[in-house]
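Any read-out appearing in this document is the output of simple, stated calculations on the displayed coordinates, not a laboratory observation. Because the structure is a prediction, the values reported are computed rather than measured. Every residue, glycine as well, gets a Cβ built from its backbone with ideal geometry; the counts of neighbours run over all protein chains shown.
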Amino acid sequence: MSHYKNDIDATATLIAQHGTPWVAINPEYTARMRAQNRFKTGLDIARYTAKIMRADMERYDRDPSQYTQSLGCWHGFIGQQKMISIKKHFNSTDRRYLYLSGWMIAALRSEFGPLPDQSMHEKTSVPALIEELYSFLRQADAREMGGLFREMDNAREASDEVKAASLQKQIEEYQTHIVPIIADIDAGFGNEEATYLLAKKMIEAGACCIQIENQVSDEKQCGHQDGKVTVPHEDFLAKIRAVRYAFLELGVDDGVIVARTDSLGAGLTKQIAVSTAPGDLGAQYNAFLDVEEIDINNANESDVLMVRDGKLVRPKRLASNLFQFRKGSGEDRVVLDCITSLQNGADLLWIETEKPHVGQIKGMVDRIREAVPNAKLVYNNSPSFNWTLSFRQQVFDAWQEQGHDVSAYDRAQLMSVDYDNSDLAQEADNRIRNFQADAAREAGIFHHLITLPTYHTAALSTDNLAKEYFGAEGMLGYVKKVQREEIRQQIACVKHQNMAGSDMGDDHKEYFSGDAALKASGKDNTMNQFA
């Protein structure tokens, strides 16, 4: 924010032009309100954050240690508190984003109540959450800057010009809480026109990055559940193009598209792809179908028949009318999905895997990069993985292969608390700690996210509070485990009235009413106990 003084001067000139009717308007107060509301529309935000994300992608290409991270959100307050915490602990929001999880919208935001991640929730709740997240982030800016303005006023009243100048410099160089949001559009909530219309709403709400998956929209499943059904490439590419058109129509020319493939765990397809020439994209998709050779005389009326390598074959079709892929073809399908998506307008990839394993991801990315050298991934560091068990088993297998004595460990029982202090467990924790950096360096992962972190932290903290408060600890269960820790750790929400905007309201009352303002922040405000 470098225009604070210029805004004061410009507003003073404007007020002078209007003469007496505007004489009570304070030009500095106007400049403050403008500074606290830097982003007027969602499109302003989308254009601003798209540039951040593109710059971060270029930086990662030069140095893979410069990967980015985010945490999933299901409410504006959650996103706001994450960014406030990041600024407090790291003095910067650099390379730290937010993730909007379709799973959490389904589970926590639908008017139907909690739903599974199957695109049954209202699609309008997706842009509504984007708008809500940015409303809370803008409020975080306004709240923090309001504090700086009040400090500057106090310094001026005390004739401390040095401190006042220092605070004005902080205001001029203020770093916003507004960061990119990677927003989940599921499988597009319908056909390509439906995808385009929803993408427009998401971009207008502020989304600079939209993630779309190659599942069938009306058969969509969570990426870590069974029963996933993919679509032929041309169907998916039409939706990628629909999202790009939405970005371009709205003037977000550098909007980012993440193409997600669920093919690694998806063994089914609803359609046989159209093929007009040998080896075309449709033919490549169909080549993965599980088929059986058949004599035409043994065919049934409802059979779908194909010619493969000069032989008549029948794709295996289930009672659900879905067709089955060959077992073991998942990685090959992922590689084809990713190359095709990048060559047809996607910017980043998302490969949904069944476990967090750097070697597995690297193997696929190496093959993708043979065709697209700068291919980059967004990766789901999912709570659906049992990270402890997976990495302990990875260490066990590596040690066994290296000839280490692992007789003290039962591979099937490595989750046991009995192993928590073992050498194997410590090595597994080291690998978990370094997973993101290792995967960024070795497997092309530009962005690491956790989809559902606050779903789990809210459940854990609520369980602990309920156990203490309704148990023997009573009120001490809240005071000791919550409020006292808020005070000790300087959590801004300990002053919950301030966080909800009470002090900003007082500022505005003073702007509008002067000495007649009835303010809430006087001596009887109990929040003063936390000064």
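In degrees, nearest 10, range 0 to 90: what is the angle between the Cα axis of helix 125-157 and the longest Cα principal axis of the chain?
The angle comes out at about 30 degrees.
Quick one: of LYS200/LYS376; LYS123/LYS200; LYS239/LYS316; LYS228/LYS311; LYS163/LYS495; LYS169/LYS509, which pairs are farther than 19 Å apart, Cα to Cα?
LYS200/LYS376; LYS239/LYS316; LYS228/LYS311; LYS163/LYS495; LYS169/LYS509
Can you give the angle from 0 to 90° between the axis of helix 76-90 and the longest principal axis of the chain, with both taken from C-alpha atoms, to the nearest 10?
Here the helix axis deviates by roughly 80 degrees.
By per-residue mean of other Cβ atoms within 10 Å, what is the highest-first order of 95-104, 172-181, 151-160?
Descending mean neighbour count gives 95-104, 172-181, 151-160.
Calculate how many DSSP beta bridges within the chain are antiparallel, expressed in % of all such bridges and rounded to the nearest 5.
DSSP beta bridges in the chain are roughly 25 percent antiparallel.
Which whole-number percent is the relative contact order of segment 1-87 (Cα, under 8 Å, 6+ apart)?
Answer for segment 1-87 is 18 percent.
To the nearest 0.05, how large is the calculated FRET efficiency for CYS493 and ASP9 if R₀ is 45 Å and r is the Cβ-Cβ distance?
0.75
Ranked highest first by the average count of other Cβ atoms within 10 Å around their residues, in what order do 411-422, 113-124 fall?
113-124, 411-422
Looking at GLY403, SER390, ASN464, which one has the Cα that reaches farthest to the positive end of the dipole of the chain (charges on Cβ: Lys, Arg +1; Asp, Glu -1)?
Sorting the options by dipole projection puts first ASN464.
Taking Cα pairs under 8 Å and at least six residues apart, what relative contact order does the chain come out at, in percent?
14
Can you give the calculated 222 nm mean residue ellipticity of the chain, where each DSSP H run of n ≥ 4 adds -39,500 (n - 2.57) and the sum is split over every residue, rounded to the nearest 500 deg cm²/dmol?
-15500 deg cm²/dmol
With a Förster radius of 30 Å, plug the Cβ-Cβ distance of THR276 and ARG441 into 1/(1 + (r/R0)^6) and report the FRET value to the nearest 0.05.
Plugging the Cβ-Cβ distance into 1/(1 + (r/R0)^6) gives 0.10.
Mind listing the long-range amide H neighbours of ARG308? Cut-off is under 5 Å, sequence gap 5 or more, other chains count too, H placed in the peptide plane at 1.01 Å from N.
The answer is VAL313.
Classify segment 424-490 as rounded, prolate or oblate from the Cα gyration tensor: take a ≥ b ≥ c as the square roots of its eigenvalues, call it rounded if a/c is under 1.5, otherwise prolate when a/b beats b/c and oblate if not.
Verdict is prolate for segment 424-490.
Using Cα positions and a limit of under 19 Å, work out the aspartates and glutamates in reach of LYS201, with same-chain residues fewer than 8 apart set aside.
ASP44, GLU122, GLU131, GLU132, ASP184, ASP186, GLU192, GLU193, GLU213, GLU249, ASP253, ASP254
Would you mind calculating the relative contact order of segment 238-327 from Cα pairs under 8 angstrom and at least 6 residues apart, reporting the percent as a whole number?
Result for segment 238-327 is 27 percent.
Calculate the dipole size of segment 76-157 relative to its Cα centre from +1 charges on Lys and Arg beta carbons and -1 charges on Asp and Glu beta carbons; express the result in debye to the nearest 20.
260
Taking the DSSP beta bridges in segment 224-375 as the whole, what percent of them are antiparallel, to the nearest 5?
60
Where the only charges are on Cβ atoms (+1 Lys, Arg; -1 Asp, Glu), what is the dipole of the chain about its Cα centre, to the nearest 20 debye?
For the chain, the charge dipole is close to 800 debye.
Listed highest first by mean packing, meaning other Cβ atoms within 10 Å per residue, what order do 267-273, 5-11 come in?
The densest-packed peptide leads the list: 267-273, 5-11.
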